[in-house]
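*Asks:* The following block contains the structure, expressed as structure tokens.
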Amino acid sequence: MSLGSLLPPLGETIHCPCCDRAIPALVLTDAYLCPRHGLFEVGSKENEVIHLDSGRRWQPWQGRCYLQHQPIDIPRDALFAALAHLHHQGFHATEITLAQRYRTLVTPHLKSGSDWFRQIYYGKLRLYGLPVTFQPDTLPDSQWQVISFELTKVSGSPKTYNYLMCTRTDENWRERWQK
């Protein structure tokens with residue numbers, strides 16, 4: 001009996017999707033243990049890793065792990081974190097490119113402008129004040145089947161900080177906030 005048959009399908013170690021440190025496999029299981037983030041299990045999809053405490057899923061693409069959002073989940077938290085990370089690195093975002101699978105979920109939150117002039121002048125729908133485009137995932141091995149969004153960035157601080165807050169809320173936000 002070889003050691004390889006006792007290890008999970010992804011090998012002896014993987015990188016933790018949260019902190020990127022090498023984490024060891026647990027023998028005779030399909031799991032890996034990060035001392036900081038807990039237990040990760042190999043999922044049913046190829047190379048998918050699932051955090052057992054939260055149920056979050058990651059898939060690798062070109063050496064990096066990308067969080068796979070659930071169908072009802074808009075990648076809002078990940079988008080906020082990426083925008084904040086850009087700001088701390090001395091960049092700001094100029095455009096958001098989302099995977100096509102989020103089109104129906106994000107469309108109610110897109111804003112084209114409050115008046116007819118902005119709708120004509122800007123022309124593009126916006127999310128958090130940034131223009132949004134959708135990338136089709138027509139090819140079976142396309143990066144857009146793994147990656148949720150991509151930010152176009154430029155160096156320097158933004159002129160306004162519109163994208164750090166939601167530009168559109170629904171009418172029931174106060175009721176949920178008070179609960």
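The values are calculated or read from the model by the stated rules, or taken from the named source; none is laboratory data. Owing to the predicted nature of the structure, the values given are computational and were not obtained by experimental measurement. Glycine gets a Cβ as well: all are built from the backbone with ideal geometry, and neighbour counts include every protein chain shown.
*Asks:* Working carefully through the options 85, 69, find the one that is in contact (Cβ under 8 Å) with a residue 24 or more places away in the chain and out of contact with any strand residue (DSSP E or B) (no Cβ under 8 Å at 6 or more places or on another chain).
*Replies:* 69
*Asks:* Residue 43: assigned by TED's automatic domain parsing to the domain that holds residue 153 and of a type in the set (Gly, Ala, Ser), yes or no?
*Replies:* no
*Asks:* To continue, here is another question. Going through 57, 21 one at a time, which residue ends up being within 18 Å of the chain's Cα centre (by Cα) and either over 25 Å from residue 145 (Cα atoms) or touching a residue at least 12 places away in the same chain (Cβ under 8 Å) (or both)?
*Replies:* 57
*Asks:* Quick one: is residue 141 within 30 Å of residue 21 (Cα to Cα) and either at pLDDT below 80 or assigned by TED's automatic domain parsing to the domain that holds residue 22 (or both)?
*Replies:* Answer is yes for this residue.
*Asks:* Taking residue 62, is it under 17 Å from residue 144 (Cβ atoms) and either basic (Lys, Arg) or exposed (fewer than 12 other Cβ atoms within 10 Å of the Cβ) (or both)?
*Replies:* Taking the combined requirement at face value, the residue satisfies it.
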